[in-house]
Amino acid sequence: MKRFLLLVLPVAAALAACGPLRVVPSPASRAKADQREKVEEAEISAAVQQAGTKTDDYKIGGADLLQISVFGEKDMDRLARVGQTGTITYPLIGEVKVGGLTVPQAEDALARRLKEYLRDPQVTIFIKEYGNKKVFVFGQVQKPGAIELPTETDMTVLEAISQAGGFTPIAAPDRTRVIRLVDGKSEKFTVPVSEITKMGEKDKDMTLKPNDVVFVPESVF
């Protein structure tokens, strides 16, 4: 027994001096992880693009801020806030009802009124700011899409996912990410869902801001 201990102890000491053993992933594991990362990045890019896409079927609503211009009439450029009654005030024509109209319909409405004063006016409207603030939840949730932010309270990532119907069976909750535009650049934040739900670390449940995109990836590919 003494001889055995004399042989084992130096080996154990040498191993201890080397520090904890690290498992080196195999080339196949690394390749799989790299592939997963590429797929997720592509899906995140698609989700961000979908969230930022201007849709012609959006109905203008109260408190939307409209950037209005008329081709060749620089002095007609205006920022107009839609009132709660759905109207804006515009030079020459006064009050115009645009609430409930799509952007192309609102452009036509202004152009028709302006024809009394201008020859063939070409009106362009861009929604500079949405009155109803939204966030977007995509990926492995039951009901992906836009969610309206409450006006009086904050909404966290897990609350938004809950409103989107919760995770699907193939979701990877701990790789949930928030994509946010900061100073003109897109930044990504990983949300450790298990630490929030299983360990009670509520402070890690991020508070969302308007136009944030929450993306939940798949657990396997």
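The values are calculated or read from the model by the stated rules, or taken from the named source; none is laboratory data. Computed from a predicted structure; not experimentally measured. With ideal geometry, Cβ positions are generated from the backbone for all residues, glycine too; neighbour counts draw on all protein chains shown.
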*Condition broken by Lys143, with the remaining ones in (1) out of contact with any Ser or Thr (no Cβ under 9 Å at 6 or more places or on another chain); (2) more than 19 Å from Ala51 (Cα to Cα); (3) assigned to a loop (DSSP other than H, G, I, E, B) satisfied*: (2)
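Let's see how each residue does on (1) surrounded by 13 or more Cβ atoms within 10 Å (Cβ to Cβ); (2) of a type in the set (S, T, N, Q); (3) touching a strand residue (DSSP E or B) at 6+ places or on another chain (Cβ under 8 Å):
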| site | (1), (2), (3) |
| --- | --- |
| Ile161 | yes, no, yes |
| Arg175 | yes, no, yes |
| Ile179 | yes, no, yes |
| Asp183 | no, no, no |
| Glu195 | yes, no, no |
| Glu201 | no, no, no |
| Met206 | yes, no, yes |
| Lys209 | yes, no, yes |
*Sort out which residues of the range 84-140 are basic (Lys, Arg), at pLDDT 95 or above and in contact with a Pro (Cβ under 8 Å, 6 or more places away or on another chain), and write them in order of number.*
Lys115
_Search result, residues across the range 146-167 that are within 14 Å of Phe215 (Cα to Cα), assigned to a loop (DSSP other than H, G, I, E, B) and either in contact with a Pro (Cβ under 7 Å, 6 or more places away or on another chain) or in contact (Cβ under 8 Å) with a residue 40 or more places away in the chain (or both)_ = Ala164
_So Thr197, is it of a type in the set (S, T, N, Q), closer than 24 Å to Pro150 by Cβ and modelled with pLDDT under 95_ = yes
*asked:* Just to be sure before I move on: is Gln142 in contact with a Gly (Cβ under 8 Å, 6 or more places away or on another chain), assigned by TED's automatic domain parsing to the domain that holds Lys204, surrounded by fewer than 19 Cβ atoms within 10 Å (Cβ to Cβ) and closer than 30 Å to Asp203 by Cα in the structure I sent?
replied: yes
*Return the pairs, sorted by first residue and then second, in which the second residue is part of a loop (DSSP other than H, G, I, E, B) and modelled with pLDDT under 85, the first residue lies in the range 47-70 and is on the phi > 0 side of the Ramachandran plot and of a type outside the set (D, E, K, R), the beta carbons are less than 7 Å apart, and the residues are 6+ apart or on different chains.*
Ala63/Gly131
